[in-house]
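Quick notes on the structure that follows.
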Amino acid sequence: MLSIVMPVEIDGKKIEIEKPLKVQELLKKLSLNSEGHLVVVDGRLVTEDEIVSNAESVKIIRVVSGG
């Protein structure tokens with residue numbers, strides 16, 4: 001069986017994840033919550049229900065807040 005993967009960058013590290021899948025599934029697979037992370041696909045901020053496919057660049061950014 002042929003596995004199709006996409007590069008994903010998180011915390012400056014690049015990993016490969018099988019695709020296609022929803023952003024929500026991607027975060028769950030990486031044990032990340034959506035409240036603490038933003039997902040950017042091809043330079044565009046995407047929502048949890050968007051499906052990531054094709055050979056897109058995917059970057060996960062940790063949200064940091066303070067007071």
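The values are calculated or read from the model by the stated rules, or taken from the named source; none is laboratory data. These numbers were taken from a predicted model, which means no experiment stands behind them. Cβ placement follows ideal geometry from the backbone for every residue including glycine, while neighbour counts extend to all protein chains displayed.
Remarks
- Search result, residues across segment 29-45 that are outside any loop (DSSP other than H, G, I, E, B) and surrounded by 14 or more Cβ atoms within 10 Å (Cβ to Cβ): HIS37, VAL39, VAL40, VAL41
- For segment 1-13, filtering for residues that are in contact with a strand residue (DSSP E or B) (Cβ under 8 Å, 6 or more places away or on another chain) and surrounded by fewer than 10 Cβ atoms within 10 Å (Cβ to Cβ) leaves 2.
- Taking the conditions (1) outside any helix (DSSP H, G or I); (2) modelled with pLDDT of 90 or more in turn, MET6 satisfies each one other than (2).
- When GLU25, GLU48 are checked against the criterion of being outside any strand (DSSP E or B), surrounded by 14 or more Cβ atoms within 10 Å (Cβ to Cβ) and of a type outside the set (Phe, Trp, Tyr), a single residue qualifies: GLU25.
- Restricting the first member to segment 39-67 and to residues that are closer than 20 Å to GLY12 by Cα and among the hydroxyl-bearing types (Ser, Thr, Tyr), and the second to residues that are at pLDDT 90 or above and surrounded by fewer than 10 Cβ atoms within 10 Å (Cβ to Cβ), the beta-carbon pairs closer than 8 Å and six or more apart or on different chains are SER57/GLY43.
- Flag for SER57 being in contact with an Asp or Glu (Cβ under 7 Å, 6 or more places away or on another chain) and of a type outside the set (A, V, I, L, M): yes
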